[in-house]
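For reference, the structure discussed in these notes is given below.
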Amino acid sequence: MTTCRTIRYRLHPHTQEKAIRLHGLSEACRVTWNHFVGKLRDDCRFYGQCNPRFFNTGKLFVIWRKHYAIWLQDYSMAIVRLSLKPIETGYKKFYEGKGGLPKFKGQYDHVPSFPLGSGLFKLTGKSLHIQRIGQVGLVGNNPYPDSKPVSGTVKYEAGHWYAYIVHEVKVTASPAPIKEVGIDRNVGQVTLSDGTRYDMPKQDRLEARKRQYQRMMSRRRAGSRKQGIRPSNRYLKAKQLHARTQQKIVQARTNWCHHVSKEIAGKYNVVYMEDLNTAGMTASAKGTAKQPGKNVKAKAGLNRSILSSAWGKLEQCLSYKSNVIKVPAPYTSQKCNECGHTEKDNRKTQADFACVSCGYSGNADHNAALNILAFGNGAAARGGGETTRPVKREMDAGVPH
Ligand SMILES: [Zn+2]
C-alpha cells in the first residue's frame, strides 16, 4: 500500500540569475492565471457561458503563448500551463456552491509560486532540477529513502524559496497488540491518560515582535488596488519582517507537533481525541449592535490562544503516524473518572479536580484524558450525564492579559 507524504525543502538558487529566473517563472504563472481568469469571466459576461476545463484553457494557453505573449516562451510551457489547472477545480467548487470564483492574483498580495508536475522536475540528493531553469541547490531531509517524488509546488515564503515535494511512500501495516490512550487538548498543552503532559513552547517574545511589526505596517503606506496606489517599499519591508516572524512561530509549533506526535505514536497505536468543534468554540463574542456580547476582549484572547494551540495540526500529525479516533466527549472536564459523577463543583480550580461525590482528587487535565479514553473504549456506560452538548471551555484558561 502506498500513501503520499509532503516534504518541504529549502531551495538555494546560488546565483542571482537563477533567483531572477525563479521569480520570473512564478510571475509568468501569475500573469497567465490572471489572463485566463479574466477571459473566463468575460466569456461568462458576454456569452453567458465559459469553459473552465483545463483541456480548454491549456489549449488556448499554447496558442496565446505562441502568437501573443511571446515573453512567456522564455519559460517552461508545461509548468506555466499546469498552473492553470486549479481554475478548473475552482469553478467546479463554485458550481457545487462550496466557494467563490477563482480570484485574480495581485502583484503585492499573493505568494509567488509555481507547480511541478511529474516529469517536469528531477530530485537528487543535493539539488532540484526544474525544467528551463536548471539545477537549484536544495537543503532538506527526506525520512523516506525508498520514496518516489511525484509532484510538488515551489513557493517564495517570507523571503526564501521552498519546494514542497509530494513523495509516494510505501507503508507496511504491522499487526500489533492494541494500546490505547486518551488525549485531552488544552490551551497551550496536551495531557495523556497516562499522566504525561506536553507543554507547547512559549512564544511570547516572537508574538510581541510580531505585534511590533504589525504596528510598523499600520504606520506605513499599505497601498490600495482600488485607488491604484502601490504599497511603499517601507511597507513591503515591514510586511516581510512580519511574515518571517509569523513563519518562525508556525515552524516552532509544527516542530513541536511532530515531536509530540512521534512520541505518542511510538507508545500507542490507538489514540482517542475529543471531537472538538473549533469553529464553534472560537466564534466571536461580539454579538450584535442591539445585543452587545459580554467579555468580548477576553473571549477574543481565548480564541487567539485556542487557535494558536495547533489542535488541528497535532491531530493531523498523529493521524498518519497512529490511528486517531475522535469521540464525542461532553463534560470531560467536569465528570469524575472514578464514579462518573458530573458536577461543576468538581472543578475547584482550573488545575485541580476533586469529586464531591466520592472524594477522588487529582489533576483536572489527567482526569479529562482518562474520561476521553473511557468514552473511547466503550466503558462510558458507567457514568451518567451524557448529552451531545459541546464542551464548555473556561474563560480563565490561559487568557493573555
Ligand atoms: Zn467521583
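FYI, it's all coordinate maths here, none of it is from the lab. Since we're looking at a predicted model, the values are computed, not measured. Positions of Cβ are backbone-derived with ideal geometry, glycine not excepted, and every protein chain shown enters the neighbour counts.
Arranged by the count of other C-beta atoms within 10 angstrom, fewest first, what order do 150, 136, 166, 62 take?
Working: 150 15, 136 23, 166 18, 62 11.
Least to most surrounded, the residues fall as 62, 150, 166, 136.
Could you give the size of the charge dipole of segment 178-336 about its Cα centre, using +1 on the Cβ of each K and R and -1 on the Cβ of each D and E, expressed in debye and rounded to the nearest 20? Let's see the in-between values first.
Values: 33 positive and 10 negative charges, 348 e Å.
With only Lys, Arg, Asp and Glu charged at Cβ, the dipole is about 1680 debye.
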Checklist entry - Relative to the compact globular guide of 2.2 N^0.38 Å, what is the alpha carbon radius of gyration of segment 304-357, as a ratio? => result 1.49
Checklist entry - When the chain is modelled as a GNM with alpha-carbon springs shorter than 10 Å, which of 117, 152, 100 fluctuates the most? => result 100
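Only four residue types carry charge here, +1 at the Cβ of Lys and Arg and -1 at the Cβ of Asp and Glu. Report the dipole size of segment 1-50 about the Cα centre in Debye, rounded to the nearest 20. Mind showing how you got there, number by number?
Values: 9 positive and 4 negative charges, 52 e Å.
Computed charge dipole of segment 1-50: roughly 260 debye.
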Checklist entry - Scattering from the C-alpha atoms of segment 247-348 alone, worked out with Debye: what is log10 I(q)/I(0) at q = 0.23 1/Å? => result -1.18
Item to check | Coarse-grained scattering of segment 32-102 at q = 0.19, 0.22, 0.25 Å⁻¹, given as base-10 log I(q)/I(0) from a Debye sum over alpha-carbon atoms | outcome: -0.75, -0.95, -1.15
Item to check | D (Stokes-Einstein, µm²/s), Kirkwood Cα radius, segment 190-250, 0.692 mPa s at 37 °C | outcome: 238
Item to check | For segment 101-109, Karplus couplings with θ = phi - 60° (6.51, -1.76, 1.60), whole Hz, Gly/Pro x | outcome: 5, x, 9, 6, 9, x, 5, 9, 10
Checklist entry - Per-residue ellipticity at 222 nm for the chain, helices alone: DSSP H runs ≥ 4 residues times -39500 (n - 2.57), over residue total, nearest 500 deg cm²/dmol? => result -12500 deg cm²/dmol
Next on the checklist: With both bridge residues required to lie in the chain, what share of the DSSP beta bridges run antiparallel, to the nearest 5%?
Outcome noted: 85
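From the convex hull of the Cα coordinates of segment 1-154, what is the mean projected area in square nanometres? Please list the in-between numbers first.
Values: hull surface 44.8 nm².
It is 11.2 nm².
Place a +1 charge on the Cβ of each Lys and Arg in the chain and a -1 charge on the Cβ of each Asp and Glu, then give the dipole magnitude about the Cα centre in debye, rounded to the nearest 20. Write out the running numbers ahead of the final one.
Numbers: 66 positive and 29 negative charges, 475 e Å.
For this selection, approximately 2280 debye.
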Checklist entry - If you bin every alpha carbon distance in the chain into 20 Å steps from zero, what whole percent lands in each bin? => result 20, 47, 29, 4, 0
Checklist outcome for this item: When 95, 162 are arranged by how many other beta-carbons sit within 10 Å of their Cβ, fewest first, they go 95, 162
Checklist outcome for this item: Most exposed to least, judged by fewest other Cβ atoms within 10 Å, 261, 322 sort to 322, 261
